[in-house]
Amino acid sequence: MLLLLRIAVGFYVLAAGCAFAALALNLRRLVLWAPILATVGLLAHVAHLTVEGTHLGGLPLRDYRDVLSLLCAAAILVYLVSFARMRLEVLGVIILPVVLILIFISNLLPNDVLPVSRDLEKVLMNFHIFVAVLGAAALFLTFAASVLYLVQEYHLKEKRPARFGLKLPSLERCDSMGNLSLMWGFPLLTLTIVTGGIWSANFRSRYWLWEGKETFALLAWMILGIIITARLLRGYRGRKAAYLTIIAFTALILRMIGVVL
């Protein structure tokens with residue numbers, strides 16, 4: 001089982017290497033290798049999760065290592081679907097390294113970060129984790145779009161095109177891609193917070209929302225809510241929205257890896 005995960009990580013490393021080589025060395029022939037290698041890695045990753053799930057008799061969600069592993073697989077899937085639909089090769093330079101960092105960090109976490117057990121408690125927690133993974137995966141794309149927006153805006157302001165091996169999307173495309181993924185990610189994040197609060201209140205006799213480590217999730221939710229409200233009411237977009245989105249995504253990832261204030 002561990003061998004499959006190591007194979008997946010190996011292919012993710014190769015995919016990230018191809019993406020960076022295409023970007024830094026202007027090697028266009030490597031552009032398509034990044035998603036191909038990432039696809040092979042994802043297949044090995046899914047096989048690992050399937051074997052783990054079969055062995056456990058359900059979703060492989062024993063602790064937060066498994067949650068982060070599932071999140072990374074979902075993020076790779078988001079990257080591949082985005083590449084297939086929009087041909088944004090440069091997304092691999094952003095998403096693949098973040099996935100690798102999360103996988104390596106997850107191996108440093110203690111085994112009992114998030115115990116999941118017993119009947120209804122397990123059902124509710126599994127649903128909570130599933131929604132959290134989907135929301136975070138969608139926000140991976142929002143984060144990548146925000147980074148690309150800032151890079152493209154910088155080069156346009158300096159009046160010199162970016163000299164990368166990969167073509168950067170326009171500001172409009174970055175903005176629309178980020179907005180679309182945000183409109184999916186924010187409701188899922190909201191549902192994540194609600195289900196987490198219900199689970200904590202019923203099974204831990206204290207309100208989940210008041211725990212210090214959940215400050216990160218609430219901070220991310222509030223920032224993204226402000227961005228969406230400003231977008232809908234005032235057409236808010238641009239550099240400030242990109243910076244706020246990056247801050248919100250960072251807060252969410254800090255929560256996902258279990259950092260405590």
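No lab work stands behind these numbers, since they all come straight from the coordinates. It should be emphasised that the depicted structure is a prediction, and the values quoted were computed from it without experimental measurement. Neighbour counts run over all protein chains shown; Cβ positions are idealised from the backbone, glycine included.
Equivalent-ellipsoid semi-axes for the stretch 1-110 (Cα gyration tensor, √(5λ), whole Å, largest first): 26, 13, 11.
In terms of surrounding Cβ atoms within a 10 Å radius of their Cβ, Ser146, Ser170, Ser181 rank from fewest to most as Ser170, Ser181, Ser146. In plain terms, the chain from Val13 to Glu153 could stretch by 47.5 nm, reckoned as 0.36 nm per residue minus the Cα-Cα distance. What's the FRET efficiency of Arg87 with Leu2 using the Cβ-Cβ distance as r and R₀ = 25 Å, to the nearest 0.05? The formula returns an efficiency of 0.10 here.
Take the Cα of Leu218, step 7 Å toward its Cβ, do the same at Leu191, and the gap between the two points is 2.3 nm. In this simple spin-label approximation, Phe127 and His55 carry label points 7 Å from Cα along the Cα→Cβ vector, and these lie 2.9 nm apart. Between Leu100 and Lys240, residue separation times 0.36 nm minus the direct Cα-Cα distance comes to 47.6 nm.
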